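This report refers to the structure that appears directly beneath it.
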Amino acid sequence: MVLQQAIDQLSQIKSYELTIRKEQESTMNGKLITSKKMTNQKVVFEPFVLWSRTDSTSTRIYEEGRDRTLSEAYQILNGDQLDMFMRFSSSEEVTTGREPVLGEWNKVTTSNKEQADWVKAAVRSNLEAQIYLLSTNIESFKLVESSGNPGENLLKYEGHLEQTTILEAYQKYIRGMYVVAGLLKESKEMTLEDLKVEITGGEFLEIKEGVPKLAYSEMPVPVSLWVDENTYELKKVIIDETAVMQSYMEKEMPKISMDFKEPVVSKAILVYEIENMDKIIEIPMPN
């Protein structure tokens with residue numbers, strides 16, 4: 001099966017380059033709030049290097065207008081320590097047409113071996129959680145389209161992620177990272193319902209991102225996949241997070257401010273576009 005072969009390839013990946021796009025539209029107190037975020041990311045697992053650049057645009061909640069910012073991060077393992085660098089732009093009003101300009105690199109920290117191991121494990125664990133979700137929900141995916149372009153033939157599959165498997169992925173691959181970080185306590189007796197309450201009812205925003213956030217949806221989360229029929233490489237993933245974000249905002253926004261009442265999420269789409277797999281040997285730090 002083509003889709004199974006694509007998942008098997010992902011489980012053995014040593015490096016990758018991808019673009020992540022997030023787009024959301026919601027209404028709060030009668031005001032339309034929109035946000036767009038595009039992240040370019042490159043990762044090499046051994047020796048570990050991670051580079052990412054994020055371009056974000058969002059509506060001002062309390063004022064008129066929209067702001068745009070850039071950020072860039074570079075992490076590289078040197079011996080037993082992880083050197084981390086970051087740089088940011090100042091916020092620019094979108095209507096002025098000015099492009100944000102990144103500032104100088106700042107060395108955030110040089111972590112010890114335990115911290116370095118944690119960062120490496122977190123990147124790998126997140127990937128393994130995503131692979132687990134595709135594997136355990138593979139029967140839900142059906143071939144819906146085959147569109148050939150010169151030199152490639154992409155197969156489109158549509159399916160979904162069940163909440164049970166989302167909670168299992170969190171328990172198997174994600175939760176342990178936060179136990180090590182001291183945010184959660186070790187527990188081997190937690191039921192799936194316990195895990196759901198921990199995510200959606202807890203106060204730590206750190207565990208409400210990525211795979212765990214999907215657990216907010218009571219309904220299966222729709223997913224579309226595009227696979228190259230010739231190479232079996234996964235090329236594109238689209239996750240419809242509209243129901244996820246509706247539940248998330250209903251529960252989390254009042255904790256921030258009681259001004260955020262009855263939010264309505266009309267669109268929340270997450271897109272992964274994979275440029276290449278296992279073709280990156282090194283990632284030099286950008287100038």
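Just so you know, all these numbers are worked out from the coordinates, no wet-lab data involved. Owing to the predicted nature of the structure, the values given are computational and were not obtained by experimental measurement. Positions of Cβ are generated from backbone atoms using ideal geometry, with glycine treated the same way; all protein chains shown enter the neighbour counts.
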Give the calculated FRET efficiency between GLU206 and ARG66 to the nearest 0.05, with a Förster radius of 30 Å applied to their Cβ-Cβ distance.
0.65
Looking only at Cα atoms, what is the convex hull volume of the stretch 135-202 per residue, in Å³?
132
Tell me, VAL123, VAL179 in order of fewest to most beta-carbon neighbours within 10 Å?
VAL179, VAL123
Two decimals is fine: what is log10 I(q)/I(0) at q = 0.12, 0.26, 0.27 Å⁻¹ for the stretch 53-117, from a Debye sum with one equal scatterer on every Cα and no solvent?
-0.44, -1.01, -1.05
According to the square roots a ≥ b ≥ c of the eigenvalues of the Cα gyration tensor, what is the shape class of the stretch 83-184, taking rounded for a/c under 1.5, prolate for a/b larger than b/c otherwise, and oblate for the remainder?
oblate
Other-chain or far-sequence residues with amide H under 5 Å of PHE48's (modelled H)
LEU77
Could you tell me which of rounded, prolate or oblate describes the stretch 131-287, using a ≥ b ≥ c as the square roots of the eigenvalues of the alpha-carbon gyration tensor, with rounded for a/c under 1.5 and, failing that, prolate when a/b is larger than b/c and oblate otherwise?
prolate
Rounded to the nearest 0.05, what FRET efficiency do ASN106 and ASN29 give with R0 = 51 Å and r taken as the Cβ-Cβ distance? Could you check?
0.90
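With a ≥ b ≥ c taken as the square roots of the eigenvalues of the C-alpha gyration tensor of the stretch 1-152, please select rounded if a/c is under 1.5 and otherwise prolate if a/b is larger than b/c or oblate if it is not? Walk me through the numbers before you get to the answer.
On the way: a/c = 2.09, a/b = 1.15, b/c = 1.82.
Oblate.
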Using just the helices of the chain, give the 222 nm mean residue ellipticity in deg cm²/dmol: DSSP H runs with n ≥ 4 each add -39,500 (n - 2.57), and the total is spread over all residues, rounded to 500.
-8000 deg cm²/dmol
Got a sec? How would LYS185, LYS107, LYS267, LYS22 order by Cβ neighbour count within 10 Å, fewest to most?
LYS185, LYS107, LYS267, LYS22
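Using the count of nearby Cβ atoms within 10 Å as a rough guide to exposure, how do ILE13, ILE199 rank from fewest to most?
Details: ILE13 17, ILE199 22.
Least to most surrounded, the residues fall as ILE13, ILE199.
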Return the aspartates and glutamates within reach of LYS188: Cα separation strictly under 16 angstrom, same-chain partners fewer than 8 residues apart disregarded; answer none if there are no such residues.
GLU168, GLU198
Relative to the present Cα-Cα distance, how much length would full extension add between ARG124 and VAL197 at 0.36 nm per residue of separation?
23.8 nm
Backbone N within the stretch 206-223 under 16 Å of label point (7 Å from GLU250 Cα along the Cβ vector)
214-221
How long is the gain from VAL264 to SER135 if the chain were fully straight, where each residue apart is worth 0.36 nm and the alpha carbon distance is subtracted?
43.2 nm
Treating only Lys and Arg (+1) and Asp and Glu (-1) as charged, each at its beta carbon, one finds that the stretch 156-203 has a dipole about its Cα centre, in Debye to the nearest 20, of 200
From the phi of every residue in the stretch 269-284, what ³J(HN,Hα) in whole Hz does the Karplus formula 6.51 cos²θ - 1.76 cosθ + 1.60 yield, where θ is phi - 60° and glycine or proline is x?
10, 10, 10, 10, 10, 8, 6, 7, 10, 6, 10, 9, 9, 8, 10, x
About the Cα centre of the chain, what is the dipole size in debye to 20, counting +1 per Lys and Arg Cβ and -1 per Asp and Glu Cβ, all else neutral?
340
Which value, to two decimals, describes the C-alpha radius of gyration of the chain once divided by 2.2 N^0.38 Å?
1.05
Hull shadow area, averaged, the stretch 1-48 [alpha-carbon convex hull, nm²]
5.6
Please list 3J(HN,Hα) in residue order for the stretch 199-206, calculated via the Karplus relation 6.51 cos²θ - 1.76 cosθ + 1.60 where θ = phi - 60°; whole Hz, with x for glycine and proline.
6, 7, x, x, 9, 8, 5, 4
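What does the charge dipole of the stretch 125-213 about its Cα centre add up to, to the nearest 20 debye, if the Cβ of each Lys and Arg holds +1 and the Cβ of each Asp and Glu holds -1?
Working: 9 positive and 15 negative charges, 14 e Å.
The calculated dipole for the stretch 125-213 is roughly 60 debye.
Give me the extension gain from GLU93 to GLN115: residue separation times 0.36 nm, minus the current Cα-Cα distance, reported in nm with one decimal.
Working it through step by step, the gained length comes to 4.2 nm.
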Estimated vicinal HN-Hα couplings, Hz - the stretch 216-227 in sequence order (Karplus 6.51, -1.76, 1.60; Gly, Pro = x)
5, 7, 7, 9, x, 8, x, 9, 10, 10, 10, 10
Relative contact order of the chain: what whole-number percent is it, with Cα pairs under 8 angstrom and at least 6 residues apart?
23
Taking the Cα centroid of the stretch 45-63 and of the stretch 93-127, what is the distance between the two, rounded to the nearest whole Å?
8
